[in-house]
Amino acid sequence: MAHKKTRRHAAADRHRTTAPSAAPAASVSDKVVLPLGAMMFAASMGAFAQTPAAQGDEKTLKPVVVKADAEREQEGKNTLRTTSTRIGKGKQELRDIPQSVTVVTEKLMDDRKIDTVKEALKMTSGITFLAAEGGEEDIRLRGFPLNTTGDLFIDGMRDPAFYDRDTFNFDRIEVLRGSASMLFGRGSTGGAVNQVNKQARLLDETQVDVTLGSHQYRRVVADINLKTGDDSALRINAMRTLADNNGSGSSLDKYGFAADYRWGIGSRDEFEVGFFYLENNNGINYGLPYIRKSATDASLTTIPVDPKSYYGATSDYNRGSAGYASFAHTHRFSSDTELVTKVRKGDFNRDQRASTVRIAGAALQPGGIAATRENFSSATVLNRGTQNKIQSMENLFAQSDLSTKFESWGLKHHVLAGVDFAWEKKIVRGARTAAQGGVTIPAKPTTTIGGGGTGWVDEDARVIGKTGEFESLAAGVYAQDLIQVAPHWKLLAGLRYDGMSAQYDTFNLTSGAVSNYQQSIYKMSNRFGVLFQPSDRHSYHLSYGTSFNTSGDTYSYSAATVNTPPEKSMNLELGAKIDSEDRRMSSRFALFRGVKLNERNTDPLLNIAVLSGKRHATGFETDVIGKITPRWEVFGSYTWIWDAEIDKGAEGAEGVGRRPSLIPKHQGTLWSTYQVTEKLRVGAGANARTKMTPNRNPVNLYSDGYVTYDAMAEYEAIPERLTLKANLTNLTNKFYADAMYANGHYIPGFGRTYYLTASIKF
């Protein structure tokens, strides 16, 4: 019974131990990177070797108790409301983090039929998307970019920006708002996104979800958890998805596999090995062009077509793969002290062949009259250019984090300290022209609004050569202390030092000439916070943090950027986290101000990047998550950025005094479900956003605001065995610009789609 489960979870929340927040910190030069990695591994193994000597410690963990605690922690598939996070370097209680955090659990993703990270992030307010030149969406949080600064993570380690992420192996997605360099090193002003993988648990449970939907959508997801011993378990997740259209013009053809094996669960020494692989062979909708409003009005607007429309060539595709293997070791010295060491090796590839769709000139239009919104018709002619992007990336990450609690001088401390290391290598390739020893590929033919996606060119006939190679070594060392200074007061202070050495080579496909650019960066980051917690249901905070972006944040340098110092940012936040008396509801409120103090611009006279810019964003955020009654559940997120402005600019950049691009004034999402009977649950929700401009802030160009509506009905046909669910997204088939890019194009949001899912449990 749904309401009985609710009461059981609430009780678990009431008795969960509060743990102070974690923090990141410092780096060293590349000369000590390899020794650093060796020290991390040695420290972890050394702790393992010392285990027998510590058996007499009064604080020695009782494995049974630890296991019980581990099993009491709810998985994301069972709840919308969470009380802890892994956004930092370890598990922390949300109330002890002096920054805003929003968690999107697997249950919310399942309820709203969300299969991609992009769609999951739309469940949190304050996030928008740039339709980047590579076809991928660059995520913006509070108006500041995340992808290009490397602020996406998997289990606390960086995740490359250029592949289509699926949610099949995620327990939750965590969004930290505000400066994050103290936790992770280089990062943006906006925040960070952490994707949390599913872990093996000490139980036998299997669930298979089969979904059919619009446009021949077919998806199968299997989640298999096997208890293999008293303290060991194996979990396997697999996915296969096919569709003629995803609702916004792209076909789907992807599969994924993930495995996680843990042993020593809840004991003094716990180990974990994992493997993940995802392969995409999808279509790609690079976007739709803007169109002139009328013959007398030169401003641009969107074109009125069905959201699922596609005008690329039939030969366009977006192929990619992501794979990584990981190892983790947790050594528990006592119930209050543990050392966690993680290592992950990853390989990522993307081969994108897209069409840039544009309105053809007047000479090609019916009657030789330039196309406008006023005379727009199915006969309007579209040109199609080519936008290819071929990239590969390897990376190796290692980190070791020590968490300990103790009392000193009458004060309670929760200290987190550690080191981390990163090696990243990216290769960019391009097609050779006939003059460069390649072949000439025929131009893509024109099409019309009524004709849609037609035409085919032999993309595989292209001769590919390397055009760029980026390689970097980075390391960091950090320490943070959360101090209980009075019965209801805590102070947090953290410091991190980062070192990064990188080089970028460009290769001329005609001459073979190589240009080399190098840069080394050493930077401090800090975070300070004051927390007032008058009860176990209330936590108020004031925090300040700094962050920096390297000039190689997109894994590329040039003559213009190689010697440019890092950009600097700061974030100030006043907030509160409040639980209802019955612990069923959690609310978050925050006032924030983010400032980029020296934003990178291009000097038009010298053609170099200079740090002459400045911008700010000031706003309010709130989240409301949990159960209003045992049967009525809600998830709401809202952001109001009333003050955002370019304070300093440069020629060719966004204009001084204007509102920065991709920052709507209001944005929110709401989802609610109700348990009508013991077997029937229904839900409905909405996403809304006011107008915003694309990057570069072109004059008189912005996307209209919109509201979309979703609905769900779920029926438990066989208790604990078979559940049937129906989803309908974008009920009104609302057309809107989801991601935007300057004067060139925009990518529409999903049109009306329906899905029917059968969930079978064994």
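Here are the numbers for this structure:
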quantity	calculated
Restricting region 264-276 to residues that are in a loop (DSSP other than H, G, I, E, B) and in contact with a helix residue (DSSP H, G or I) (Cβ under 8 Å, 6 or more places away or on another chain), the residue that is nearest to Lys444 (Cα to Cα)	Ile265
Residues satisfying the stated conditions in region 727-756, i.e. in contact with a Leu (Cβ under 8 Å, 6 or more places away or on another chain), hydroxyl-bearing (Ser, Thr, Tyr) and surrounded by 20 or more Cβ atoms within 10 Å (Cβ to Cβ)	Tyr741, Tyr746, Thr753
Residues satisfying the stated conditions in region 674-725, i.e. more than 29 Å from the chain's Cα centre (by Cα) and of a type in the set (A, V, I, L, M)	Val676, Leu680, Val699, Ala717, Ile718, Leu722, Leu724
Search result, residues across region 277-310 that are acidic (Asp, Glu), in a loop (DSSP other than H, G, I, E, B) and either within 14 Å of Ser703 (Cβ to Cβ) or in contact with a Gly (Cβ under 8 Å, 6 or more places away or on another chain) (or both)	Asp306
Of all residues in region 287-322 being out of contact with any Lys or Arg (no Cβ under 9 Å at 6 or more places or on another chain) and over 20 Å from Ser377 (Cβ atoms), the one that is modelled with the lowest pLDDT	Gly287
Residue match in region 597-617 (condition: closer than 17 Å to Ser525 by Cα, in contact with a strand residue (DSSP E or B) (Cβ under 9 Å, 6 or more places away or on another chain), at pLDDT 85 or above and surrounded by 16 or more Cβ atoms within 10 Å (Cβ to Cβ))	no
Single condition Tyr261 does not satisfy, out of (1) free of Cβ contacts under 8 Å to residues at least 60 places away in the same chain; (2) in a strand (DSSP E or B); (3) surrounded by fewer than 22 Cβ atoms within 10 Å (Cβ to Cβ)	(1)
Cβ-Cβ under 8 Å pairs, at least 6 apart or on other chains, region 452-480 side closer than 30 Å to Lys308 by Cβ and in contact (Cβ under 8 Å) with a residue 12 or more places away in the chain, far side assigned to a strand (DSSP E or B) and of a type in the set (Gly, Ala, Ser)	Arg462/Ala431
Residue count for region 622-671, restricted to those that are of a type in the set (A, V, I, L, M, F, W, C), farther than 17 Å from Pro145 by Cα and not in a strand (DSSP E or B)	2
Per-region count, region 264-283, residues surrounded by fewer than 22 Cβ atoms within 10 Å (Cβ to Cβ) and of a type in the set (A, V, I, L, M)	1
Complete set of residues in region 417-450 that are under 20 Å from Gln503 (Cβ atoms) and in contact (Cβ under 8 Å) with a residue 40 or more places away in the chain	Phe421, Ala422, Trp423, Glu424, Lys425, Lys426, Ile427, Val428, Gly430
Residue match in region 366-385 (condition: acidic (Asp, Glu) and under 28 Å from Leu495 (Cα atoms))	no
Verdict on Gly529 being surrounded by fewer than 17 Cβ atoms within 10 Å (Cβ to Cβ) and over 23 Å from Thr561 (Cβ atoms)	no
Residue pairs meeting the criteria (Cβ under 9 Å; at least 6 apart or on separate chains; first surrounded by fewer than 21 Cβ atoms within 10 Å (Cβ to Cβ), in region 315-326; second in a loop (DSSP other than H, G, I, E, B) and among the aromatic types (Phe, Trp, Tyr))	Ser315/Trp456; Ser321/Tyr163
Number of the exception - Arg86 against (1) at pLDDT below 85; (2) more than 30 Å from Glu714 (Cβ to Cβ); (3) of a type outside the set (Ser, Thr, Tyr)	(2)
Residue satisfying all of: in region 100-127; outside any helix (DSSP H, G or I) and over 15 Å from the mean Cα position of the chain (by Cα); surrounded by the fewest Cβ atoms within 10 Å (Cβ to Cβ) among these	Lys113
Near pairs, Cβ below 6 angstrom, 6+ apart or cross-chain, from region 80-99 (surrounded by fewer than 22 Cβ atoms within 10 Å (Cβ to Cβ)) to any residue that is among the small types (Gly, Ala, Ser) and at pLDDT below 85	Gly90/Ala22; Lys91/Ser84; Glu93/Ala19; Glu93/Ser84
Residue check, Tyr555 of a type outside the set (Gly, Ala, Ser) and assigned to a loop (DSSP other than H, G, I, E, B)	yes
Within region 191-233, considering residues that are in a strand (DSSP E or B) and hydroxyl-bearing (Ser, Thr, Tyr), the one surrounded by the most Cβ atoms within 10 Å (Cβ to Cβ)	Tyr217
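The values are calculated or read from the model by the stated rules, or taken from the named source; none is laboratory data. This one's a predicted model, so the numbers in the text were calculated from it and none came from an experiment. Positions of Cβ are backbone-derived with ideal geometry, glycine not excepted, and every protein chain shown enters the neighbour counts.
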